[in-house]
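In what follows, a single structure is set out as structure tokens and then discussed.
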Amino acid sequence: MLLGKTTKKMSVVSSTVRGRGERRSVLGSWVGEESASMAGDVAGESEKIHVAIRLRPLNDKEKAKNDVSDWECISSNTLIFKSSMPDRSMLPAAFTFDRVFGPDSGTKQVYEEAAKEVALSVVTGVNASIFAYGQTSSGKTYTMSGVTKYALADIFDYIYKNQEREFVLKFSAIEIYNEAVRDLLSSDPSPLRLLDDPERGTVVDKLIEEPIEDWNHLQELFSICEAQRHIGETALNEFSSRSHQILRLTVESCARDNLGAENLSTLTASLNFIDLAGSERASQTWSTGTRLKEGSHINRSLLTLGTVIRKLSKGRNGHIPYRESKLTRILQNSLGGNAKTAIICTMSPARCHAEQSRNTLGFASCAKEVSTSAQVNVVMTDKALVKQLQREISRLEGQLERQAKSSFGGTVSKTNDTAALLREKDLLIEQVYYS
Ligand SMILES: Nc1ncnc2c1ncn2[C@@H]1O[C@H](COP(=O)(O)OP(=O)(O)OP(=O)(O)O)[C@@H](O)[C@H]1O
């Protein structure tokens, strides 16, 4: 980091990207006056993933088998395993998360209390991701389709109420089916390649990014995605998602007063809605042939996701195997990077699924220990960037001058400080030169 967090105004000038035909520069965790007032104190600060559990009601199949509900939410954040089966006495019986929702909670409540804050950070230039994780037929798609709808309605409402800024929205959508990435907005089913971009991380090559005209246009795009996604029937779910789906909304905004100005700065961030395919036991889904092959790809990528989350929950030491699945490669930022993340883990309350539910809770328990560090993403024109860097160089020069005056009889630490400031200044000058 070039500048310490102490100034809270600017830190790393991280990279340059091309956008809308012009060369622009990205300040990694810079919080300008404009964005600071919008986004508050979020720049680059470490924050735990927000984890919620949603317990669905027993379904007709479970009731028909006289299955019973083994789980109960005893408070807004604690879930207990009620069964007194002797072989389970050694296992933990109570689990605590940011929020737990019982069978009577509606999706609107789940959205409001488990996802809204994270979702809305996208309009302030902060990347965000909302996941649904859980075994097959536990309610991921049911939850995510509602959460997505409510989040988008709130984003449109925010835009309507903030007319002093101009917003540009773009939408893209992929599914990962049998470990192949496919564009859900394209009629071409050919798999897309993943590329490593030195500045943006993993990107999906040739992905369609559709500018959004209005609410109806967005609904049309959703219908296209819904029609294209791989769905199949299994013994546990008539409409089982056979792929991981990632819907991405990118939001760019700038103050209308600054439009056309040379020193334009734009806030830009993406919000991912991730409906994972569900883990499944072939013995429970009775899968064969295509379904069995899909199930094994799903389980393998979820295993990698679980490993990544488990390793991240223990800190960032050692190798994190993001590259072992397309899912974790694409979601690397959401799993411990520059994003705010909320995970909603869905569960069946049925005794016959107790083991799978415990696995889900194990995943959720690790996820709540994982930290991300979301930053406000500001894109600046070259002119604005040069001005910003020049101001910073002047500030450093002032600091160096003050240090030089007070360094008679100086200590080793003062010498080190000066060397660090000089290095910082040289780097900034280099950036001005190359921008
Ligand atoms: N909280 C809930 N309340 C009422 N019904 C629910 C709830 N959650 C899920 N359901 C119903 O349960 C069924 C399975 O849900 P859903 O398809 O969302 O599961 P899933 O976890 O996405 O499954 P898969 O991994 O197989 O795609 C659907 O018929 C859905 O309407």
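Within the range 336-347, identify whether any single residue is modelled with pLDDT of 95 or more and either among the small types (Gly, Ala, Ser) or surrounded by fewer than 21 Cβ atoms within 10 Å (Cβ to Cβ) (or both), and answer yes or no. Looking for residues that are modelled with pLDDT of 95 or more and either among the small types (Gly, Ala, Ser) or surrounded by fewer than 21 Cβ atoms within 10 Å (Cβ to Cβ) (or both), one finds at least one in the range 336-347, hence yes.
Counting the residues of the range 311-328 that are surrounded by fewer than 19 Cβ atoms within 10 Å (Cβ to Cβ) and closer than 16 Å to Arg200 by Cα gives 1.
Close Cβ contacts (under 8 Å, 6 or more residues apart or on different chains) running from residues in the range 113-130 that are at positive phi to residues that are aliphatic (A, V, I, L, M) and in a helix (DSSP H, G or I) comprise Gly125/Met38; Gly125/Ala39.
Answer yes or no as to whether Ser137 is within 18 Å of the chain's Cα centre (by Cα) and crowded, with 16+ Cβ neighbours inside 10 Å. Considered against the rule, which asks whether it is within 18 Å of the chain's Cα centre (by Cα) and crowded, with 16+ Cβ neighbours inside 10 Å, Ser137 comes out as no.
Okay, residues lined up against (1) modelled with pLDDT of 95 or more; (2) crowded, with 16+ Cβ neighbours inside 10 Å; (3) under 21 Å from Tyr111 (Cα atoms):
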site: Ile130; (1), (2), (3): yes, yes, yes
site: Thr148; (1), (2), (3): yes, yes, yes
site: Lys161; (1), (2), (3): yes, no, yes
site: Leu169; (1), (2), (3): yes, yes, no
site: Pro189; (1), (2), (3): no, no, no
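Against the definition (assigned by TED's automatic domain parsing to the domain that holds His297 and without any contact (Cβ under 8 Å) to a residue 60 or more places away in the chain), how does Ser190 come out, yes or no? Yes: the conditions hold for Ser190.
The single condition among (1) under 29 Å from Glu324 (Cβ atoms); (2) of a type outside the set (Ser, Thr, Tyr); (3) crowded, with 16+ Cβ neighbours inside 10 Å that Asp196 does not satisfy is (3).
When Asn216 is tested against (1) at pLDDT 80 or above; (2) within 24 Å of Asn178 (Cα to Cα); (3) surrounded by fewer than 17 Cβ atoms within 10 Å (Cβ to Cβ); (4) more than 16 Å from the ligand (Cβ to nearest atom), exactly one condition is not met: (2).
Tally up the residues in the range 124-176 that are within 16 Å of the ligand (Cβ to nearest atom), out of contact with any Leu (no Cβ under 7 Å at 6 or more places or on another chain) and not charged (D, E, K, R), please. Looking only at that region, the number is 13.
What residue, of Ser145, Ser186, Ser172, Ser129, is assigned to a loop (DSSP other than H, G, I, E, B) and among the small types (Gly, Ala, Ser)?
Ser186 is the lone residue from the list that is assigned to a loop (DSSP other than H, G, I, E, B) and among the small types (Gly, Ala, Ser).
Among the residues of the range 313-337, none is identified as under 9 Å from the mean Cα position of the chain (by Cα) and of a type in the set (D, E, K, R).
Does Ser407 count as at pLDDT below 85 and assigned to a loop (DSSP other than H, G, I, E, B)? Criteria met by Ser407. Inspection of the range 85-100 finds no residue satisfying the criterion of being more than 30 Å from Glu233 (Cβ to Cβ), touching a Lys or Arg at 6+ places or on another chain (Cβ under 7 Å) and not in a loop (DSSP other than H, G, I, E, B). If a residue must be assigned to a helix (DSSP H, G or I) and near the ligand (Cβ under 10 Å from one of its atoms), how many such residues does the range 224-245 contain? Qualifying residue count for the region: 0. When the range 317-335 is filtered for residues that are in contact with a strand residue (DSSP E or B) (Cβ under 9 Å, 6 or more places away or on another chain), of a type in the set (A, V, I, L, M) and assigned to a loop (DSSP other than H, G, I, E, B), the ones remaining, listed by number, are Leu331, Leu335.
The values are calculated or read from the model by the stated rules, or taken from the named source; none is laboratory data. This is a predicted model, so every value here is computed, not measured. Cβ: placed from backbone, ideal geometry, glycine included. Neighbour counts: every protein chain shown.
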